Amino acid sequence: MPVIESEEHRALRAAVSALGHKYGREYLTRTVEEGRPATELWAEAAELGYLGVNLPEEHGGGGGGIFELSIVLEELGAAGCPLLLMVVSPAICGTVIARFGTEEQKRDWLPALADGTRVMAFGITEPDAGSNSHRITTTARRDPATGDWLLTGHKVFVSGVDIADATLIVGRTEDARTGRLKPCLFIVPRDTPGFERRKIDMELSAAEKQFELTLDDVRLPAGALVGDEDAGLLQLFAGLNPERIMTAAFAIGMGRFALSRAVEYARDRTVWKAPIGSHQAIAHPLAQAHIDLELARLMMQKAAHLYDAGDDTGAGEAANMAKYAAAEACVKAVDQAVHTLGGNGLTREFGLASLITAARVSRIAPVSREMILNYVSHQTLGLPKSY
Ligand SMILES: Cc1cc2nc3c(=O)[nH]c(=O)nc-3n(C[C@H](O)[C@H](O)[C@H](O)COP(=O)(O)OP(=O)(O)OC[C@H]3O[C@@H](n4cnc5c(N)ncnc54)[C@H](O)[C@@H]3O)c2cc1C
């Protein structure tokens, strides 16, 4: 893995950063206040080829990988306007369809996900399963008369369902031999009868909304199933590893944004003889935040390289560690940034306080800090499980 980014990657970073700064934090704050998605930024990023940079060229994408897509999300975040649905639409859904979809699903979805004209949400979390996704109960059974699928279940905290043309739902089918439930993925169009959503009142200042979903005998054609019914977890993890890598990019971008605002402030703000940034009590935590973000980015890039090279197992461990490191670095950077601004850290004018809750998202989702520590304890260190 090259530690120094290629000329091409640096050019991509600079171009996305320019787009991000054209919109900036103020744009995102306005869309949140107006209660609408960041449509203009989404459309322009798509038109410039950034949203589909990881999707195959033959289906309208850029032919790159998660490495390139993570650069896009990180730079938009560093400019103050991250697009959360990038974690879901091109990264999870686009990847899963590109790797396991039928030719028809690829033709139908990939060009539209790449050019941003269609969006796909992703629903795995369930109220009674939470972090224990082995316990999900959304069940798919076949109607023997028609061959259709009938999906029944309940999901929670699913982002962007209102603006997504469809949601990729993780359900389960019953193994005819063993009776055990196997994870399977289904494309559920937004207005399918029986597919109901209820907005969750979140204390988050974000353009994307979260929903509770009820699936009540949702009838889907046979072609709604993505991939092989018997492939089990393999197909699911093909999407979950990019999700973790992209959440790391989201967190690193946000951390960089908060840090840059704090550094700018600390350079000028003078209440004694010298700017507050000259006091080590202010400067050192900011320096530490910078180091933590840089380290997290290295792990994120390792995870992305492994994933793009086809090493799903290696990528799994690295993606978990990257998500952990990035979320912790982001939470610390945001906290320190707010503190650096004193009272101004809590004003709307400086726009940092709302990041305190936003930063926590990367610590909770898509997999919590504790579940990553569990994963590393058990999988990497071989320690026994308590649950
Ligand atoms: C803003 C936002 C957007 C989201 N978007 C989506 C989306 O688009 N699609 C989707 O499917 N989901 C989404 N989620 C859901 C998210 O993935 C879950 O919130 C997350 O997986 C945690 O599940 P939970 O909230 O049920 O917490 P719980 O599983 O109830 O966990 C609660 C606490 O207990 C801890 N805990 C649980 N088990 C253990 C254990 N064995 N050992 C130690 N500690 C443990 C957890 O770490 C956590 O701190 C989103 C969540 C948020 C907040």
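Of the helices (runs of 4 or more DSSP H) contained entirely in the range 309-379, those carrying at least 1 residues that are among the aromatic types (Phe, Trp, Tyr) and in the same structural domain as residue 296 (by TED's automatic domain parsing) fall at 312-340, 369-375. Within the range 106-138, if we keep just the residues that are surrounded by fewer than 19 Cβ atoms within 10 Å (Cβ to Cβ) and polar (S, T, N, Q), the residue that is farthest from the ligand (Cβ to nearest atom) turns out to be 117. Filtering 199, 182 for residues that are in contact with a strand residue (DSSP E or B) (Cβ under 8 Å, 6 or more places away or on another chain) and at pLDDT below 95 leaves a single hit, 182. Select from the range 139-183 the residues that are open to solvent by 30 Å² or more (accessible area, probe 1.4 Å) and either within 30 Å of residue 40 (Cβ to Cβ) or within 16 Å of the ligand (Cβ to nearest atom) (or both) and list them in ascending order. Result: 154, 157, 162, 163, 165, 172. Within the range 58-76, the residues that satisfy the criterion of being open to solvent by 20 Å² or more (accessible area, probe 1.4 Å) and outside any helix (DSSP H, G or I) are 60, 62, 63, 64.
Exactly one residue out of 55, 28, 41 is over 24 Å from residue 257 (Cβ atoms), open to solvent by less than 40 Å² (accessible area, probe 1.4 Å) and either assigned to a helix (DSSP H, G or I) or not assigned by TED's automatic domain parsing to the domain that holds residue 347 (or both): that is 55. Checking the structure you have, find out if any residue of the range 214-225 is surrounded by 15 or more Cβ atoms within 10 Å (Cβ to Cβ), within 12 Å of the ligand (Cβ to nearest atom) and either over 23 Å from the mean Cα position of the chain (by Cα) or not in a loop (DSSP other than H, G, I, E, B) (or both). There is no residue in the range 214-225 that is surrounded by 15 or more Cβ atoms within 10 Å (Cβ to Cβ), within 12 Å of the ligand (Cβ to nearest atom) and either over 23 Å from the mean Cα position of the chain (by Cα) or not in a loop (DSSP other than H, G, I, E, B) (or both). Close Cβ contacts (under 9 Å, 6 or more residues apart or on different chains) running from residues in the range 77-105 that are within 17 Å of residue 229 (Cβ to Cβ) and open to solvent by less than 10 Å² (accessible area, probe 1.4 Å) to residues that are within 16 Å of the ligand (Cβ to nearest atom) and aromatic (Phe, Trp, Tyr) comprise 96/122.
The values are calculated or read from the model by the stated rules, or taken from the named source; none is laboratory data. The model shown is predicted, which means the values in this text are computed figures rather than measured ones. Here the Cβ is made from the backbone with ideal geometry for all residues, glycine too, and neighbour counts use every protein chain on show. The protein model used for the area step is the full one, side chains on, heavy atoms only, and it has no ligands, DNA or RNA in it. Shrake-Rupley method; radii C 1.70, N 1.55, O 1.52, S 1.80 Å.
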